[in-house]
Amino acid sequence: LNAALSKASLENERCAIIIQTKNNPKKNITCVQIAGLVARRILCYKKIGDKISRGERYGFIKFGSRVDLYLPLKTLIKVQVGQTVKNGESIIAELN
């Protein structure tokens, strides 16, 4: 399915990772890579227990697609709806 469709997050290939914050384990971040109609291939470079740094690449979706980001409540969102973000450059949110 086209990655923009809501059903794509249930039916297309996907890869989810949970990032446990160092200072507060209750403020976990979940990232879900969702392959689209053309992509159909997701690569994830991280394994359970690996550490990740701010702006670090953790995976790749061939031919692009979509990433859903689930943040803790009371997170300060720094982007606008429809804004294009770039890995390692755009600040998406700040955890309180």
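The values are calculated or read from the model by the stated rules, or taken from the named source; none is laboratory data. Please read all numbers here as calculations on a predicted model, not as lab measurements. As a convention, Cβ positions derive from the backbone with ideal geometry for all residues, glycine included, and neighbour counts pool all protein chains shown. These area figures cover heavy atoms from the full protein model, side chains too; ligands, DNA and RNA do not enter into them. Shrake-Rupley method; radii C 1.70, N 1.55, O 1.52, S 1.80 Å.
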* **Given (1) more than 10 Å from Arg14 (Cα to Cα); (2) touching an Asp or Glu at 6+ places or on another chain (Cβ under 7 Å); (3) aliphatic (A, V, I, L, M), number of the condition Leu71 does not satisfy** => (2)
* Asked: Would a scan of the stretch 23-39 turn up a residue that is touching a strand residue (DSSP E or B) at 6+ places or on another chain (Cβ under 7 Å), under 17 Å from Ser9 (Cβ atoms), modelled with pLDDT of 90 or more and among the hydroxyl-bearing types (Ser, Thr, Tyr)?
  -> yes
* In the stretch 17-44, what count of residues is obtained for those that are closer than 16 Å to Tyr58 by Cβ and surrounded by 13 or more Cβ atoms within 10 Å (Cβ to Cβ)? -> 12
* Asked: Within the stretch 75-88, can one find any residue that is of a type in the set (A, V, I, L, M), closer than 16 Å to Ile18 by Cβ and either free of Cβ contacts under 8 Å to residues at least 40 places away in the same chain or open to solvent by 90 Å² or more (accessible area, probe 1.4 Å) (or both)?
  -> no
* To do: Restricting attention to strands (runs of 3 or more DSSP E) lying wholly within the stretch 1-73, give those where 2 or more residues are among the hydroxyl-bearing types (Ser, Thr, Tyr) and within 15 Å of the chain's Cα centre (by Cα).
  => 65-70
* Condition met for Asn96 (more than 22 Å from Lys7 (Cα to Cα), part of a loop (DSSP other than H, G, I, E, B) and open to solvent by 90 Å² or more (accessible area, probe 1.4 Å)) -> yes
